[in-house]
1. Could you list 96, 55, 176, 32 so that the one with the fewest beta carbons within 10 Å of its beta carbon is first and the one with the most is last?
2. Extending each Cα 7 Å along its Cβ direction at residue 12 and residue 196, get the distance between those two points in nm, one decimal.
3. Report the gain in length on full extension from residue 102 to residue 81: 0.36 nm times residue separation, minus Cα-Cα distance, nm rounded to one decimal.
4. Using only Cα atoms, tell me the angle between helix 97-108 and the longest principal axis of the chain; keep it within 0 to 90° and round to the nearest 10.
5. Starting from the Cα gyration tensor of region 28-213, take the square roots of the eigenvalues, sort them a ≥ b ≥ c, and report rounded, prolate or oblate (rounded when a/c is under 1.5, otherwise prolate if a/b is larger than b/c, else oblate).
6. With everything on Cα atoms, drop me the angle between helix 141-150 and the longest principal axis of the chain, reported from 0 to 90° to the nearest 10.
7. Within the chain, what percent of beta bridges assigned by DSSP are antiparallel, to the nearest 5?
8. Full extension from residue 208 to residue 171: what is 0.36 nm times the residue separation minus their Cα-Cα distance, to one decimal in nm?
């Protein structure tokens, strides 16, 4: 009788373990990629919207990957090597980006280590890409709101350089200005790299992706 009791006790523990393991794997097989920007035609081609541009470019290269308007964001979703990758373009405007990020993290139960934010950066030359696992907002209002809303600065970022070719006092005009045709070609070329980074991040993680792409 004791042996039967111990057998069934073991079976219950095993079932509970497998259930928890399945929940863990499901949670950690989802990735949220957020491109920061402002909605509206007047912002569509501006430097500040390079996060939106990168996700649009990514989606165009994948069959049946279409954005649809959902709560707080335009959302698209793909499957890649068993992972679910959710692409989000917040509709909250740049200064309230955190609202969309938190909502979709909570809704999809995505851990912060599986989140990647694509953001424009005037501190980097045009087309330069840098990956970071945390840090300050660096004066970027979108990042600042995400940090405030999440209560932490420890989330992954892909910083997309837009350059700093503006005179004193003209920063706002510059970031809200449109890329020249020549600069658009550079952005598109680097978006191919962003595509590879998104897929790499969602399969081998941030550490190895940083090692592979930060020195390129």
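1. Taking fewest neighbouring Cβ atoms as first place, the list is 176, 96, 32, 55.
2. Taking the simple label geometry, residue 12 and residue 196 are separated by 5.4 nm.
3. My answer for the length gained is 5.0 nm.
4. So the helix axis and the longest Cα principal axis differ by about 20 degrees.
5. rounded
6. Tilt of helix 141-150: around 20 degrees.
7. Taking every DSSP beta bridge within the chain, about 50 percent pair in antiparallel fashion.
8. 9.9 nm
Every read-out reported here was derived from the displayed coordinates using simple, explicitly stated rules and does not represent laboratory data. Here the structure is a predicted model, which means the values were calculated and not measured. Backbone-built Cβ (ideal geometry, glycine too); neighbour counts: all protein chains shown.
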